Amino acid sequence: MTWLANLHKTYEQHSQVIGQFEKKKNGREYALIPVSHTTQSAHIEVNVNSNGDFISAKVIDKSEGSTIIPCTEASASRTSAPVPHALFDKLVYVAGDFEAYCGEVKGTPYVDYMNQLSSWCESPSAHPKVNSVREYLAKGTLMTDLIDAHILWKDEYGQLLDKWNTATEALYGEKPGIFKVIPSDQSTAFVRFAVMIPGDPEPRLWRDTTVQNSFIQFNEMNMKEQELCYITGEYLPYADKHVSRIRNSGDKSKLISANDTSGFTFRGRFRTSREAAAVSYDVSQKAHNALKWLIERQGIPIDSKVFLVWGIDQLDIPAPFADTFTLYNDDEDEMVEAQSVGDRTHKEFANQIKRAIGGYRYDGDYKSDVIIMTLDAATPGRMSIVYYRDMNKELFLNRLENWHLTCVWLHRYRKDGDKYIQFTGAPATRDIAFAAYGPQAGDKLIKSLMERMLPSIIDGRPIPRDIVRSAVHRASSPVSMDHWEWEKTLSITCALVNKMYEKERFAVSLDINNSNRDYLFGRMLAIADVLERKALGKEEKRATNAVRYMNAFAQHPARTWNIIQSNLQPYQARSGTRDGFIIHCTRLLDKVGSQLQPKDYTDISLSGVYLLGYYSQRNDLYTSKADKELNDESEEKMNEQGENN
């Protein structure tokens, strides 16, 4: 019940934005919808005047089709049974002449719709604009008017046209708009209404708050039965059917459902579902509407699963799934600095992370909570919360800060336009999935990894070893992928290995005093790689022996190193004493080799640490002397600042 209480609290905290539409990046609109309302994609908009006369109609573009519609508890949960919505609905409910163009229908949907609409219009909470719609629809000429306005199209037999094909195109011309926005035939079109009154600033009934409040009052009058609400602790109108369409408008899965009164549901425990738990209609509506709004606003949908992170008071919280570069993006100054500094000191990097997260830390109540929730549908009708955490905001930010400070490495795979940029920090969980399982990893694999990584990010638990092992294996096979993909896999794997060996405090900067066997072997491999690449020259694009034998080297380092070293000798001999860089590499190779103890020169497989030695040594050899001096000066400056503080 905690999740319901937190969602209800979120709704109440942001009640000032109810009914206000916002736009997503793809142009689709969404809003925090009122109680007793839901959203539906409309296809046709009909304009009438205050006397209930037809004025005009138009086909609605897909990006503008999102419509807030009033609904009863029964209509919001309807499936195959014909239960009408209160005002906007499909043609079969709102058109009195539907059977004249589409044939006989099951039940009496139009009569049921008009009876319900009349009850509203004759109640104390009636609204004049709704009455105008009722007067128009009572004439039973909607489909005729839409056909005359060239919104709907009929065939040669006077029936509604099923589909637009080449024959009809030859007869009538270009495909009409209704066939471009509707997924099936015209008879399933959803209709919304606007009432044009001179001087009225809001003719759109789906955005008129007075119409929305009118229906909320009407619906409350019809709810007589009360029950103890487990969320508020008060006796309130009881919710018998809870909200569906949580993830999208076509989603029929529910989080709460208890309509199965036979079989094993209550046997031996409860006589009715209310004895198990009861939630009031108001709380259920507000909590589910808040959840739908949050998913649209900041949810991450992957396959059928939705990952959601929000703060009850402050909605925008840094997502645990994003990389450090995205964290910098929240502060433009930090972003520019992050692009320019690359790999400097750990203190400077740590200060950047603290500043980036600090903006969230002091904006709002420090006692507020952060909710992490993952939803998935077990069956087409049942949804479950597969992961839920309710954390203190301060604790959440501390854990997130620690993740970005410890699962860290230097990355160069992010693009800003056509230019690659580098940043130091943690990779995104989606990129970790691609590094561990390859670019062909499907949504099911990605969502599974994201869910498994959450405890490592939020609770500080170790990263699952199989994920690190898989990433190390792929990073050790550079010849199996394109160069850019391997570089991305390598830096992400280094970040994961660095996190795994957190106590060792590895850094991107080369540690010449580190005598770890695997680290030294990695350094030797990097020197061999750089030496051969230098000897081959810029024109030669083929892989070096170090890269080609990298996988075998990780499995049998001593035996494979002999092969790599023997292949280096022709390049060393050819360069002789003419090339200073190759001479430097040769001397460095001897120096690193001498640090390796004879007992360590074996064929025991290398751990992922060898990738850290490889990356750091290669980065050091490719870093110019001027950049190294700049890094040293920066480190001294940071140390001085730390001492002064």
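Values as computed for the structure displayed
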{"item": "Distance between modelled label sites at residue 105 and residue 298, nm, 7 Å Cα→Cβ extension", "result": "4.2"}
{"item": "Cα long-axis angle, helix 443-458 against the chain (0 to 90 degrees, to the nearest 10)", "result": "70"}
{"item": "Proximal lysines relative to residue 9, as straight alpha-carbon distance under 26 Å, when same-chain residues fewer than 8 apart are discounted", "result": "23, 24, 224, 241, 252, 254, 286, 292, 305, 367, 393"}
{"item": "Potential extension, residue 347-residue 252 segment - 0.36 nm per residue separation minus Cα distance", "result": "29.1 nm"}
{"item": "Portion, in percent, of the accessible area of the chain that falls on carbon or sulfur, probe 1.4 Å", "result": "48"}
{"item": "Pairwise FRET efficiency - residue 118 versus residue 171, Cβ, R0 = 41 Å, nearest 0.05", "result": "0.50"}
{"item": "In sequence order, calculated HN-Hα J values of the range 551-563 (Karplus, 6.51, -1.76, 1.60; Hz; x Gly/Pro)", "result": "5, 5, 4, 5, 8, 9, x, 5, 5, 6, 4, 4, 5"}
{"item": "Lysine pairs meeting the criterion (Cα under 17 Å, 8 or more apart or interchain), as found in the range 104-205", "result": "6"}
{"item": "Rounded FRET efficiency, nearest 0.05, which uses the C-beta distance separating residue 574 from residue 209 and R0 of 56 Å", "result": "0.10"}
{"item": "Amide hydrogen neighbours beyond the local backbone of residue 89, cut-off 5 Å, H modeled", "result": "191"}
{"item": "Net length gained if the chain between residue 378 and residue 563 were fully extended (0.36 nm per residue, minus Cα distance)", "result": "61.2 nm"}
{"item": "Two-site label geometry, residue 272 and residue 354: point separation in nm, points 7 Å out along Cα→Cβ", "result": "5.9"}
{"item": "Long-range HN-HN contacts of residue 414 with modeled amide H, under 5 Å", "result": "421"}
{"item": "Span from the the range 459-508 Cα centroid across to the the range 588-622 one, whole angstrom", "result": "17"}
{"item": "Cα-projected label distance for residue 47 with residue 619, points at 7 Å along beta-carbon direction, nm", "result": "6.2"}
{"item": "Heavy-atom SASA rank of 431, 590 (probe 1.4 Å, accessible area, largest first)", "result": "590, 431"}
{"item": "Gain in span if fully extended, residue 388 to residue 30, counting 0.36 nm per residue against the direct Cα distance", "result": "126.4 nm"}
{"item": "Value of [θ]222 nm, deg cm²/dmol, for the chain, DSSP H segments ≥ 4, -39500 (n - 2.57) each, nearest 500", "result": "-14000 deg cm²/dmol"}
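The values are calculated or read from the model by the stated rules, or taken from the named source; none is laboratory data. These numbers were taken from a predicted model, which means no experiment stands behind them. When we count neighbours, we look across all protein chains shown, and the Cβ atoms used for this are built from the backbone with ideal geometry, even at glycine. Heads up: the accessible areas ignore ligands, DNA and RNA and are worked out on the full protein's heavy atoms, side chains in. Shrake-Rupley method; radii C 1.70, N 1.55, O 1.52, S 1.80 Å.
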